[in-house]
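The values are calculated or read from the model by the stated rules, or taken from the named source; none is laboratory data. Everything quoted here is computed from the prediction, not taken from an experiment. Neighbour counts run over all protein chains shown; Cβ positions are idealised from the backbone, glycine included. Keep in mind that these areas ignore ligands, DNA and RNA; they rest on the heavy atoms of the full protein, side chains included. Shrake-Rupley method; radii C 1.70, N 1.55, O 1.52, S 1.80 Å.
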Amino acid sequence: GGALAFHNYTTDLLSIASSGAATFSSSVTAGGILKGVGFNQPISVKTANYTLTDADYTVMFNTTSGNLTATLPAGVEGRIYNIGYSVLANQLTITPNGSETINGDTSFIINSGACYQTVTLQFLSGNWYILSTAYNQSCL
C-alpha cells in the first residue's frame, strides 16, 4: 500500500512507491531526462520557408538557396521559440501571425552580414518579445 501513480488511459507515467522512490515511464523521459521541461527540446533545420508549430522549439534555417521566411503561428501566452540560421548566405525574415508584432515591428530580419545567429522570442499580449540573441563567433 501507499503507492501513487499518475497515468493516461493505458500507461503509468509516474509511479511513487511508499518508500518515496519515483519511476517515470519512457513516454515522459528520453535517456533519463524529463521531456518538455527545458532540457530536451525539439530542434530542426529548414531549407525552405516554414511556419512554426506548437511542436517546434528551436528552428534553424539554411539560406544557401535564397532568402527565407520563418512565420510564427498565432501567439499563445508564454510560448517560446529559438529561431536562427545554420547557414546564412541570404536573408532570414521572421514574421508574426496576423496583427501580432515582434517588439512592436511587423517583422525581424537577420541579414547575411548580421552578427546575431539566433533570436529567442516569447509571446505576451499580442506581441512577440525578443528575450535574447546569440552572436556569431566572427563578430566577437
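The figures follow:
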{"item": "Hits in region 115-128 - residues which are of a type in the set (A, V, I, L, M) and either surrounded by fewer than 15 Cβ atoms within 10 Å (Cβ to Cβ) or over 18 Å from K46 (Cβ atoms) (or both)", "result": "L124"}
{"item": "Region 65-83, subset farther than 19 Å from S44 by Cβ and aliphatic (A, V, I, L, M), residue surrounded by the fewest Cβ atoms within 10 Å (Cβ to Cβ)", "result": "V76"}
{"item": "Matching entry among S112, S86, S132, S99 (being open to solvent by 30 Å² or more (accessible area, probe 1.4 Å), at pLDDT below 95, outside any strand (DSSP E or B) and out of contact with any Gly (no Cβ under 6 Å at 6 or more places or on another chain))", "result": "S112"}
{"item": "Segments classed as strands (runs of 3 or more DSSP E), wholly inside region 16-66, with at least 1 members that are at pLDDT 70 or above", "result": "43-46, 58-62"}
